[in-house]
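Nothing in this text is a laboratory measurement; each read-out follows from the coordinates by a stated rule. The shown structure was predicted, so the numbers you read here are calculated from the model rather than taken from an experiment. Neighbour counts are summed over all protein chains in view; Cβ atoms, including those assigned to glycine, are modelled from backbone coordinates with ideal geometry.
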Amino acid sequence: MNDVPSIVVDQLVKRFGAFTAVNQVSFEIRSGEIFGLLGPNGSGKSTIIRMLCGLLTPSSGSATVVGFDVARQAEDVRRHIGYMSQKFSLYNDLTAIENLQFFAGLYGVKGRALDERIAWAIKMSGLAGSEQLLTGELSGGWKQRLALGCAVLHRPRVLFLDEPTAGVDPLSRRQFWELIHQMSREGVTILVTTHYMDEAEYCNRLALIDEGRIVEMGTPTEIKQTAVKGDLLLIECSPLGGGLAAIKQAPGVIDASVFGAALHVVVSAGRDPVTELPAFLAGHDVRVGRIEPISPSLEDAFVSLTGSRALSSEPPQ
Amino acid sequence: MFDRIWCMIVKEFLQLRRDKYARFRLIVPPILQMLIYGYAATFEVNRVQIAVMDFDHSQESRDLLSRFTFTGRFEVAKVLSNEHELKSLIGSSDIPMALKIEPGFAELLRKGQTAHLQVIVDGTNSNTALIAVGYVNQIANQFSQDYARDRLNQMMPALAATVPQISLEQRPWYNPDLNSQWFFVPGVIGSITLMMVVTLTAFAIVREREIGTLEQIMVTPIRPFELILGKTIPFFVVGLADVVLVAVVGTLWFQVPFRGNPLVLLLGVVLFLMSTLNVGLLISTLSSTQQQAFVLGFFFLNPAFTLSGFAFPITSMPKAMQMITYANPLRYFLVILRGTFLKGVGLGILWPQMLALALLTSVLLLASVARFHKSID
Ligand SMILES: Nc1ncnc2c1ncn2[C@@H]1O[C@H](COP(=O)(O)OP(=O)(O)O)[C@@H](O)[C@H]1O
Ligand SMILES: [Mg+2]
């Protein structure tokens, strides 16, 4: 990893009619860095990536990818990037190898390099022996790795991955992140979007994005530490809804929200909530099962930054 | 550059090879349509079932009625004896026409007065009715001419010999038997090609937009015109093969002559294909789903058939409609098809049509390229 920024985004705005999908977004990504855009559906992640790939023209602001302006030098940008769209689309009615050959042809990969890269992509995606299968017959994880292979046949310096692991089983997901880390070690800059919190932890740096704006940026650890101002508690209680309503009135409670079957509650530092809160809740006819301090997750950070719980809490194991 | 276009073409044919349904769609419906049109689409009216009511029972009335069956155009399906039967018959049966001769028909004729042949038709199928009534007219005219001459001959043979006669001698050029198949088969070639090429092209591009591969292709270094060529050349080839297929079936099966220069027709086909490919391309840039493409295609194809001169003559249309036909590629192609097939005329006569198709292609191409750039935004 070196310090030359590979992607520079400056005050980027995208409007669709009167609606602003991306609002004054700025960030820089160094070469070889894995940078994550984390945000709920509709927050503008795909729109940012599509502007950086030259698929959409920015309404205002500017961005460069490996030194080329995305609006004015889209063709130069395209020679250096790989892109896996949100649907990671391949031709289901072509075989794995035909898909690879097709994209290699479009990227102008020829001769020795062609055979070498296709062999590499097949090995990388674990498709050896299945190259002649129709892509439509492959499982989600294979398809996803094949799509990654198609996107990097030309050895791009920057890789854009838009929700690459959506709808893929957990094992394939881990294998996929292995591949991403390997590419990053080889110096490829990676911009990845996700709404899975655990995946965001794999990124070197993150931008939390909500309604088209960046609300926080930093390493996962930094974000968690700065975002949650106070101590975080997990409280299991019943009824859950009544508990949530009551605890918001409790002294010292900054914020509370439902996480799965329990509450996450932020209390100002220096109090003794483990004894105070059960007593308070008992006074409101709420029975407390378990109460313990926990360390904040990215989701807690997101909630405390945006006040919303729009992120998918589906636990990807 | 050629590498990338070639790459797109190879991919398209690989997909076509896998797609059994697409192959079926390319071969069977065109041939089927050719056969259906060839047999069903005809302006001739033959063996019309008629009912007759002869209340005169004279030599003359029998003579007149027998002339109807004699031509083969009509068949007497029923002989009626009163009017009541007629009412229920015309409304409810397959007999669309009845002829009625009142008592005293022969009497009037012998006195040299006007006698009436009453024709009752079911007007719900106005086309058939009109044509059949035309035939009735012809037969009745012939009868009265013959009758007049016979009478004159009997009464004043000397004068009869000096009465001049005009006899209508039909000599339709290019289609001496006025065979409707000759007229329709070239038209069918044009319409089938138009439908196939427009829908195939539009659907192929929109499908890629739907599944997302179009976006994946657009982030490669491919240029818009390479993408457009790569996506249209395969359908040009397919369209050309379809024209040949339909034309061969049409000419061999229906014995339609080909009198012109194949190269002139080929030029026409190439220009026509290019214009229809561009219509498909334009539709694809205006639709984000196959459903939308289908609806747009329908909105284009329907008027394109009606306003082409395929079945309804353009010269009989209102002026405004006639103006619209100038933007219709099928209009020009039909002239080229009929010109080369039936008339055997060459570029000396067909150049305006060729030029019009070329112009239309350029305009459509500019429009779709402009749209293609924008369509992603
Ligand atoms: N082409 C478009 N036209 C109009 N609105 C759009 C378009 N693309 C995206 N949007 C809107 O912009 C917002 C952000 O979308 P997107 O970038 O896809 O979000 P994300 O990828 O974070 O789920 C959404 O509200 C979406 O409806
Ligand atoms: Mg998205």
If you average the sequence gap of Cα pairs under 8 Å that are 6 or more apart and divide by the length of chain B, what percent do you get for the contact order? 19
Average partner coverage of B:7-18, which counts Cβ from other chains inside 10 Å: 4
Report, by chain and number, residues whose modeled amide H sits under 5 Å from the one on A:TYR83, excluding near sequence neighbours (fewer than 5 apart, same chain). A:PHE160
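Inside 10 Å of the C-beta atoms of A:147-156, what's the mean count of C-beta atoms belonging to other chains?
Values: counts 1, 0, 0, 2, 3, 0, 1, 2, 0, 1.
Average neighbour count from other chains, rounded to a whole number: 1.
Given N residues in chain A, what is Rg(Cα) / (2.2 N^0.38 Å)? Present the calculation step by step, with values, prior to reporting the outcome.
On the way: Rg = 22.6 Å, N = 317, 2.2 N^0.38 = 19.6 Å.
So the Cα radius of gyration is 1.15 times the expected 2.2 N^0.38 Å.
Rounded to the nearest 500 deg cm²/dmol, what is the calculated helix-only ellipticity per residue at 222 nm for chain A, with -39500 (n - 2.57) per DSSP H run of length n ≥ 4?
Numbers: 11 runs with 107 residues, N = 317.
Computed ellipticity for chain A at 222 nm equals -10000 deg cm²/dmol.
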Sequence neighbours fewer than 8 away in the same chain don't count; with that in mind, list the lysines whose C-alpha is under 29 Å from B:LYS87. B:LYS78, B:LYS100
Semi-axes of chain B from the Cα gyration tensor (sqrt of 5 times each eigenvalue, largest first, whole Å) come to 57, 23, 17
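R0 = 56 Å: FRET efficiency of B:ALA22 with A:LEU240, Cβ-based, nearest 0.05?
Working: r = 55 Å, r/R0 = 0.98.
Rounded to the nearest 0.05, the efficiency is 0.55.
Figure the gain on full extension for A:ARG185 and A:SER59 (residue separation times 0.36 nm, minus the Cα-Cα span) and round it to one decimal in nm. Kindly include the intermediate steps, with their values, before the conclusion.
Numbers: separation 126, 0.36 × 126 = 45.36 nm, distance 3.43 nm.
Working it through step by step, the gained length comes to 41.9 nm.
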Kirkwood hydrodynamic radius of segment A:97-201, Cα pairs, Å: 14.2
Around B:PHE74, which amide H atoms from residues at least 5 apart in sequence, or from another chain, sit under 5 Å from its own amide H, with H modelled in the peptide plane? B:ARG47, B:VAL48
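For A:VAL4, A:VAL109, what's the fewest-to-most ordering of other Cβ within 10 Å of each Cβ? List each step's numbers first, then the result.
On the way: A:VAL4 11, A:VAL109 20.
Ranked by crowding around the Cβ, least crowded first: A:VAL4, A:VAL109.
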Give the relative contact order (percent, whole number) for segment B:257-362; include only Cα pairs under 8 Å separated by 6+ residues. 46
Treating each Cα of segment B:257-339 as an identical point scatterer and ignoring solvent, apply the Debye formula and state log10 I(q)/I(0) at q = 0.12, 0.20, 0.26 Å⁻¹. -0.43, -0.97, -1.20
Once both label points are put 7 Å beyond Cα along the C-beta direction, the A:GLU292-A:GLN132 separation in nm becomes 5.6
Per-residue ellipticity at 222 nm for chain B, helices alone: DSSP H runs ≥ 4 residues times -39500 (n - 2.57), over residue total, nearest 500 deg cm²/dmol? -23000 deg cm²/dmol
Given an 8 Å cut-off on Cα distances and at least 6 residues of separation, report the relative contact order of chain A as a percent. 19
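For A:98-106, what's the mean count of beta carbons from other chains sitting within 10 Å of each residue's beta carbon?
Details: counts 5, 2, 0, 4, 9, 6, 1, 10, 14.
That works out to 6 on average.
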With each label point set 7 Å from Cα along the Cα-Cβ vector, what nm distance links B:LYS343 and B:GLN290? 4.2
Calculate one ³J(HN,Hα) per residue across segment B:320-335 by plugging θ = phi - 60° into the Karplus curve 6.51 cos²θ - 1.76 cosθ + 1.60, and present them in order as whole Hz with x for glycine and proline. 4, 5, 4, 4, 4, 4, 5, 8, 9, x, 4, 3, 6, 5, 4, 4
Consider just the alpha-carbon atoms of segment B:1-51 and return their Rg together with their Dmax, both in angstrom. 21.0, 73
Positive-end residue of B:GLN49, B:ILE36, B:GLN59, charge dipole of segment B:15-65 with Cβ unit charges: B:ILE36
With equal scatterers on the alpha carbons only and no solvent term, can you work out the Debye log10 of I(q)/I(0) for the protein assembly as shown at 0.06, 0.07, 0.08, 0.12 1/Å? -0.58, -0.70, -0.80, -1.25
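At most 15 other Cβ atoms within 10 Å and a DSSP loop assignment: could you name the GluC sites (Glu not before Pro) in segment B:1-87 that fit?
Numbers: sites: B:GLU12, B:GLU44, B:GLU60, B:GLU75, B:GLU83, B:GLU85; in loops: B:GLU44.
Qualifying residues, ordered by number: B:GLU44.
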Among A:LEU133, A:ALA256, A:VAL266, which residue has its Cα positioned farthest towards the positive end of the charge dipole of the protein assembly as shown, with +1 placed on the Cβ of Lys and Arg, -1 on the Cβ of Asp and Glu, and the dipole taken about the Cα centre? A:LEU133
Using the alpha carbons of segment A:229-295, what is the convex hull volume per residue in cubic angstrom, as a whole number? 72
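For a quick protection proxy, order the peptides B:20-33, B:215-228 by their average other-Cβ count within 10 Å, most packed first. Spell out each step's value before the answer.
Working: B:20-33: 13.5, B:215-228: 19.4.
Result, highest mean Cβ count within 10 Å first: B:215-228, B:20-33.
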What list of ³J(HN,Hα) values in whole Hz, one per residue of segment A:280-297 in order, does the Karplus curve 6.51 cos²θ - 1.76 cosθ + 1.60 (θ = phi - 60°) give from phi, with Gly and Pro shown as x? 4, 5, 4, x, 10, 6, 10, 8, 9, x, 9, 9, 7, x, 10, 8, x, 9
List the residues whose amide H sits under 5 Å from the amide H of A:CYS237, counting only those 5 or more places along or on another chain, with H placed 1.01 Å from N in the peptide plane. A:LEU263, A:GLY289
In the P(r) worked out for segment B:48-160, what percent of Cα pairs fall beyond 20 Å? 43
Given the C-alpha centroids of segment B:306-377 and segment B:26-74, what is the distance between them in whole angstrom? 35
Note down the nm distance, to one decimal, between modelled labels 7 Å out along Cα→Cβ at A:SER26 and at A:GLN73. 2.1
